[in-house]
Amino acid sequence: MSEVILKIENLRKEYAETTPLKNVNVEIKRGEVISIIGPSGTGKSTFLRMINHLENPTAGKIFFDGENIADANCNFELVRRKIGMIFQSFDLFAGMTVIENLIAAPVELLKIPAQEAYDKAKDLLQQVGLAEKIFSYPDELSGGQQQRIAICRSLMMEPEILLFDEPTSALDPTMVGEVLAVMRMLAKRNLTMIIVTHEMNFAREVATRVLFFADGGIYEQGTPEEIFDAPQREKTIAFIRRQKFFHYEIFSRHFDLMEMQNKIQLFAEKYGLKPRYTYRMQLCCEEIIYEMIGGCYDDDEKIFISIDIIYSEVVGKADFKILCKGKPHNPFDKKLSVVNFADNLGVKILHSVAENFNHAYEDGFNVIDFEL
Ligand code: ADP
């Protein structure tokens, strides 16, 4: 079994207004490539920053090579060299050329002879395709080139672990690929890396393990296949499938149909759904509501119908969940009788556009779901 390089115990971070991390526990082994994903504001960046001493934990321990670097007595300056960090915003020294950026720290901090540092820098620049830029200044380079230089600068210190905090999110989309290519190359060399990223395909491809952050810590973790293909917990599923939620409630048979259709329209537009699909969503809602009002309620009876639409951007499908308080009524039963079915245009429409219908009756509620 390979050696544990980083062990995090009961790590907690409180800010005045919020506690993004309540209790994080994890062990990372040498050579692992960890992708950290999750909704924004779940403490992913804070987690990385604590490992690199840019934030102090409120409580907990961070063992790096066996030493608790969260301890006040730890001489972090010695440790920092072994932990490289790449930020969103490149952060090269603007007044220095590329080569000066690369050799400054190794020469001054590690006392490496200048020639040796120079040769090493040249070699690294070659590897990332930027040998020609050795005497350029950062502002003469594109964002993607600057970020590749920033990665080289970290590598000059021969870190034992590299932390990446959204390394591509400040880049023009055309430049994301070149930075990811460099990171991919490093991953193949068994460098230990922890990568906070929004690039889901990359997170999946490059990682040996994926940590999904939510609810104040690691909410779910697993291999890329486990997390991306078969997430187990609710928030992971919603995030991975990029689910969008629509909710509407109806309390009267004279409800405002136009308002509901308008809200569905706005929901659909927000997530870029096609007009034809939007129309079908509206049609399904309208038909099922009138079908249930007709089938579950007497004329003067109080009505409660709630509609949830869960649209998955990844799957490109919507799940409809309809709750209807009242008499049991299965709107899809009519399909059994050809005569009735033909009579009932609404149900016919539903059957022509939606699939996998299901009806159950629980505690006074009709529970209906189907897909579109
Ligand atoms: P993520 O990287 O998952 O988007 P962050 O770690 O950046 O999340 O932030 C987690 C939460 O902590 C957010 O609510 C953010 O506003 C808050 N936060 C981050 N840094 C600070 C800070 N220096 N002071 C106060 N609150 C902060």
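A few notes on this one:
- When only the Cβ of Lys, Arg, Asp and Glu is charged (+1, +1, -1, -1), the dipole of the stretch 236-372 relative to its Cα centre reaches about 640 debye.
- Taking the protein heavy atoms of the chain in the context of the full set of protein chains, the accessible area attributed to carbon and sulfur is 49 percent at 1.4 Å.
- The stretch 75-127: trypsin sites (Lys or Arg not before Pro) falling in loop per DSSP and having at most 12 other Cβ within 10 Å: 111
- Highest-fluctuation residue, 53, 359, 198 considered, GNM on the chain with Cα pairs under 10 Å: 359
- Antiparallel %, DSSP beta bridges [both residues in the chain], to 5: 75 percent
- Taking every protein chain into account, the accessible area of the chain amounts to 49 square angstrom per residue (probe 1.4 Å).
- Sum of side-chain charges, residue 71 neighbourhood, beta-carbon under 13 Å (Lys, Arg +1; Asp, Glu -1): -1
- Quotient of Cα Rg and 2.2 N^0.38 Å for the stretch 102-208, N being how many residues it contains: 1.08
- Within a Gaussian network of the chain (alpha carbon springs, distance under 10 Å), most fluctuating of 57, 331, 20: 331
- Under the simplified labelling scheme, the residue 15-residue 75 pair shows an inter-label distance of 3.3 nm, with each label point 7 Å from Cα along Cα→Cβ.
The values are calculated or read from the model by the stated rules, or taken from the named source; none is laboratory data. Predicted model only: the values in this text are computed from it and were never measured. Cβ sites come from the backbone with ideal geometry, for glycine too, and all protein chains shown count toward neighbours. These area figures cover heavy atoms from the full protein model, side chains too; ligands, DNA and RNA do not enter into them. Shrake-Rupley method; radii C 1.70, N 1.55, O 1.52, S 1.80 Å.
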